[in-house]
Amino acid sequence: MTSVRRVRTIDLENPFVDSFEGMVEILLIRHGEQKFFENIPLGQAYDAPLSELGQKQAEAVGQRLAPARLGRVYSSDMRRAYDTAKAIAVHHGLEPVVIPDLREIDLWQRAPQDKGLLDIYTREQLADVYREVTRTRKHSAYPFCEDVDAFRTRVFRAMDRIIEESIGMRVAVVCHGGVINAILSQVFGSPFDHLVPVHHTSISVMRAADTRRVILTINDYSHVMPIQSSRGDLNA
């Protein structure tokens with residue numbers, strides 16, 4: 001009977017570890033910027049495609065990870081995540097593995113999907129909603145939000161699957177800001193839904209073995225600096 005090596009916590013935390021035996025390294029990557037327009041209907045906004053800048057960001061993170069040893073690339077089934085995942089996977093001869101449970105939380109799920117926010121609220125009312133979200137750092141501050149516990153349950157179910165089938169590998173998981181924050185919140189034991197303003201195509205690194213989870217880095221977006229001078233601005 002082959003024994004399974006017990007991974008030491010010091011190895012989980014070591015950024016220079018020379019083997020992923022008994023563990024998995026997960027690169028949590030947010031999708032590129034999505035394409036919105038003024039008062040976009042909520043149904044369109046939820047699964048909006050990449051913008052021009054988002055496509056450039058996806059190419060940049062793909063180039064950055066080209067030398068990395070990736071065993072798999074996972075993606076949510078939303079267009080912006082899948083197209084970002086493809087830009088990464090192509091450098092490794094891989095196809096993204098789609099996991100629908102990695103979908104972003106739908107902050108406006110119970111609102112009319114054929115209407116934009118300015119059809120539902122005045123600008124002043126909408127500003128009040130966002131102020132409450134900023135104050136509480138909770139998804140439940142959105143009046144029409146998807147059930148938050150159900151969202152967390154599906155995200156953690158997806159991550160458990162990824163960890164179980166990827167031991168011994170480094171994998172990329174292309175998903176969403178809310179998903180990444182849910183994972184960070186779980187690992188850090190935080191009561192908040194929003195810990196970090198996750199930048200488009202930023203990379204956060206987590207290691208996992210058995211029930212242990214270790215965060216090594218958060219929100220590294222240095223690869224977009226040559227093409228982006230501010231949020232939503234594309235250089236030349």
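Quick notes on this structure:
- Gain in span if fully extended, GLU13 to GLU95, counting 0.36 nm per residue against the direct Cα distance: 26.6 nm
- A simple spin-label model places the labels of GLN44 and GLU164 4.0 nm from each other, with each point 7 Å out along Cα-to-Cβ.
- Taking θ as phi - 60° and the Karplus parameters 6.51, -1.76 and 1.60, the scalar couplings of region 67-73 work out to x, 6, 8, 9, x, 8, 10 Hz in sequence order, x denoting glycine and proline.
- Rel. contact order, % - alpha carbon contacts under 8 angstrom, at least six apart, region 159-236: 20 percent
- Computed about the Cα centre, the dipole magnitude for region 1-141 is approximately 300 debye when only Lys and Arg (+1) and Asp and Glu (-1) carry charge, each at its Cβ.
- Cα centroid separation, region 177-200 to region 41-75 (Å): 19 Å
- Full extension of the chain segment joining THR153 with ARG231 gains 25.0 nm, where the gain is 0.36 nm per residue of separation less the Cα-Cα distance.
- PHE188 - accessible surface, heavy atoms, 1.4 Å probe, Å² rounded to 10: 110 Å²
- Once the convex hull of all Cα atoms in region 41-91 is built, its volume per residue stands at 60 Å³.
- Modelled spin labels at PHE37 and VAL187, positioned 7 Å past Cα toward Cβ, are 3.9 nm from each other.
- Largest first, the residues TYR82, TYR221 sort by 1.4 Å accessible area into TYR221, TYR82.
- For q = 0.07, 0.13, 0.14 Å⁻¹, Debye-computed log10 I/I(0) when each Cα of the chain counts as one equal scatterer: -0.24, -0.81, -0.93
- Basic side chains Lys and Arg get +1 at the Cβ, acidic Asp and Glu get -1 at the Cβ, and with that the dipole of region 1-67 about its Cα centre reaches some 160 debye.
- Percent antiparallel among DSSP beta bridges (both partners in the chain, rounded to 5): 50 percent
- Each Lys or Arg adds one and each Asp or Glu subtracts one; over the other residues with Cβ under 10 Å from the Cβ of ARG170, this totals +2.
- Summed residue charge, Cβ within 13 Å of GLY43's Cβ, Lys/Arg positive, Asp/Glu negative: -2
- With the convex hull drawn over the C-alpha atoms of region 112-171, the volume per residue is 134 Å³.
- Three principal axis extents of region 94-226 based on alpha-carbon atoms, in descending order, are 52, 35, 32 Å.
- Radius 13 Å from Cβ of ARG137, net charge of other residues (Lys, Arg +1; Asp, Glu -1): +1
- Rel. contact order, % - alpha carbon contacts under 8 angstrom, at least six apart, the chain: 30 percent
- Greater than 26 Å apart at Cα, pairs in LYS35/LYS115; LYS115/LYS138; LYS56/LYS115: LYS56/LYS115
- Dipole of the chain, positive end: most advanced residue of LEU70, ALA150, MET225 [Cβ charges, Cα centre]: LEU70
The values are calculated or read from the model by the stated rules, or taken from the named source; none is laboratory data. All values derive from a computational prediction rather than experimental measurement. Here the Cβ is made from the backbone with ideal geometry for all residues, glycine too, and neighbour counts use every protein chain on show. Side chains included, ligands, DNA and RNA excluded: accessible areas come from the protein's heavy atoms. Shrake-Rupley method; radii C 1.70, N 1.55, O 1.52, S 1.80 Å.
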